[in-house]
1. What about residue A:105, is it within 11 Å of another protein chain (Cβ to nearest Cβ), out of contact with any helix residue (DSSP H, G or I) (no Cβ under 9 Å at 6 or more places or on another chain), touching a residue at least 24 places away in the same chain (Cβ under 8 Å) and surrounded by fewer than 15 Cβ atoms within 10 Å (Cβ to Cβ)?
2. Within the group B:226, B:248, which residue is buried (at least 17 other Cβ atoms within 10 Å of the Cβ), outside the structural domain of residue B:320 (by TED's automatic domain parsing) and in a loop (DSSP other than H, G, I, E, B)?
3. From (1) without any contact (Cβ under 8 Å) to a residue 12 or more places away in the chain; (2) part of a strand (DSSP E or B); (3) of a type in the set (Val, Ile, Thr), pick out the condition that doesn't hold for residue B:357.
4. Would you say residue A:44 is within 21 Å of residue A:20 (Cβ to Cβ) and within 14 Å of chain B (Cβ to nearest Cβ)?
5. Exactly one of these conditions fails for residue A:100: (1) exposed (fewer than 15 other Cβ atoms within 10 Å of the Cβ); (2) free of Cβ contacts under 8 Å to residues at least 24 places away in the same chain. Give me its number.
6. For residues in region B:34-55 being within 13 Å of chain A (Cβ to nearest Cβ) and either at pLDDT 95 or above or buried (at least 22 other Cβ atoms within 10 Å of the Cβ) (or both), which is nearest to the chain's Cα centre (by Cα)?
7. Can you list the strands (runs of 3 or more DSSP E) lying wholly within region B:107-220 that have 2 or more residues being of a type outside the set (Gly, Ala, Ser) and over 27 Å from residue B:311 (Cα atoms)?
8. Name the residue, out of B:63, B:85, that is modelled with pLDDT of 90 or more, away from chain A (no Cβ under 14 Å) and over 28 Å from residue B:186 (Cα atoms).
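The values are calculated or read from the model by the stated rules, or taken from the named source; none is laboratory data. Please read all numbers here as calculations on a predicted model, not as lab measurements. Cβ: placed from backbone, ideal geometry, glycine included. Neighbour counts: every protein chain shown.
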Amino acid sequence: MLIDITPRAASRLKEIMSKDSNPQLALRITVESGGCHGFQYLMSLTNTSSVSPEDDTVFEASDGSGAKVVMDEPSLELLKGSQIDYTMELIGSQFKVVGNPAATSSCGCGTSFDIKA
Amino acid sequence: MSISPRTRPTIVRAFRSCRRLLSTSALPPAPPPRGYAHLTTRRLISLRGHDAPRFLQGLTTQNIPSVDSPSSHPRPQGLYSAFLNASGRVLYDVFIYPDSRLREQNDLGFLIDVDAREVQSLARHLKRYKLRAKVTVEVVDDGEAQVWQAWDDTSPVNFLPNADHVWTVCEDCRSEVMGTRLIASGDRKLDMDADLVDVGTYEVRRILRGVAEGQSEIIKDSALPLECNMDYMNGIDFRKGCYVGQELTIRTRHTGVVRKRILPVQLYGSGVAPEILEYRPSSSVVIPPKDTNINRSPGKGRSVGKWLGGIGNIGLALCRLENMTNIALNNRGIQQSPTDEFMLSWLTEEGREGGEVRTKAFVPDWLRTRISSQDTHGEGSPNG
């Protein structure tokens, strides 16, 4: 199973890791129901020490930056094959899930999406 | 015809079987002024767990009372609501009741009252959104709990019976003319001081009042909530936060005009159009196939409505208000001419006879009042 972490996302995560001087830092992405298209992404920063060995999967960027992304089982089901990006726009900079193959449509603001039945 | 040739055969087949049913059984009697019925057309789903209110809040058009809302607000006993798909079309029309049985167990939960034929499908829909939410979804066995409706047209006060095995009693919030909705335990017959009638008689009463219910009338993935009058039937909270299908619903409310609505119609063969909507159990009018277009007669042109289904000489149709009623939209004045007549005609298909019948649409008083009160007050509040 592959999740694509873009170089921009990896370098941003690395930046946060060194700023917080926390090598255990990871980005947790969760999917929960809500938003106008039924499912939404929730992003949070977590520690690899709080990762559950049964439920969670940790992805590490292959570029050696040490950037890590954590997903739980049900969220991974709906996120596999996606790309994790860090976008810098006038409205603000944020981590973003792009190109989710499970999503069939998404709402205007992009935080909420629908999946195939 | 707006139905694609691919879907048509199924519709025709479905209709044929229902016609057979009608020809062997007589039409249901007209509703008594004071009656009650077990709604075998409805089933219940139990949704319980700590996250249940928040979970439902994100999926339905109605504002679900949260656990921490101030207790000074009386909790509603039942809410009318709908589940929509992401593009704003109705999936299921439902009632949502707080599950009063769970109160003693210090647990949270709801009973969801849905079209009996869609109960498994709604349960799957709920499970699809479950993810990590702490909720359990279970279809309630018919022997465990049942949906009933009671009404008393002889009294202005709603009929509120109280019995041991009735768990929930609530006013049917769709319209004051509908009566009372009840959830009763399924192990006993409900005994009330009124006439017990079959569900068919409830359906007749409901159609006469122009209230669509279930997915044979509120077509799944196609019907729009405002066209089904859910805005006037207290089914949509326009101030609540995000839920599935909100985008189109709120935009239509604030920037659009609802040109088509579901209305009760009467079918008649020949002669003059009926003055008042009246159900005749002895009617021999042939019910048109579902989705038959309604056209102005005589004359061609764009259809002005679509037949949804009915019993005997009455039914429900999605009607263009400006053409089929004297309701004025957008301050354009009344467009309808009182001499207009409307015709449903259908062609021979798969060995079935074609036919035609005239129809007239009626705007129920409760609906007319609500439409005109919204006009005078202008559009409600800014969206949330």
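1. Working: within 11 Å of another protein chain (Cβ to nearest Cβ): yes; out of contact with any helix residue (DSSP H, G or I) (no Cβ under 9 Å at 6 or more places or on another chain): yes; touching a residue at least 24 places away in the same chain (Cβ under 8 Å): yes; surrounded by fewer than 15 Cβ atoms within 10 Å (Cβ to Cβ): yes.
For residue A:105, the condition - within 11 Å of another protein chain (Cβ to nearest Cβ), out of contact with any helix residue (DSSP H, G or I) (no Cβ under 9 Å at 6 or more places or on another chain), touching a residue at least 24 places away in the same chain (Cβ under 8 Å) and surrounded by fewer than 15 Cβ atoms within 10 Å (Cβ to Cβ) - is met.
2. Values: B:248 fails: in a loop (DSSP other than H, G, I, E, B).
B:226 is the lone residue from the list that is buried (at least 17 other Cβ atoms within 10 Å of the Cβ), outside the structural domain of residue B:320 (by TED's automatic domain parsing) and in a loop (DSSP other than H, G, I, E, B).
3. Only one criterion in (1) without any contact (Cβ under 8 Å) to a residue 12 or more places away in the chain; (2) part of a strand (DSSP E or B); (3) of a type in the set (Val, Ile, Thr) is unmet by residue B:357, namely (1).
4. Details: within 21 Å of residue A:20 (Cβ to Cβ): yes; within 14 Å of chain B (Cβ to nearest Cβ): yes.
Taking the combined requirement at face value, the residue satisfies it.
5. Here residue A:100 meets the rest and fails (1).
6. Restricting to residues being within 13 Å of chain A (Cβ to nearest Cβ) and either at pLDDT 95 or above or buried (at least 22 other Cβ atoms within 10 Å of the Cβ) (or both), the top hit is B:47.
7. Working: elements: B:109-115, B:136-139, B:145-152, B:166-171, B:180-185, B:195-197.
Strands (runs of 3 or more DSSP E) meeting the threshold: B:109-115, B:136-139, B:166-171.
8. Values: B:85 fails: away from chain A (no Cβ under 14 Å).
Result: B:63 is the single residue among B:63, B:85 that is modelled with pLDDT of 90 or more, away from chain A (no Cβ under 14 Å) and over 28 Å from residue B:186 (Cα atoms).
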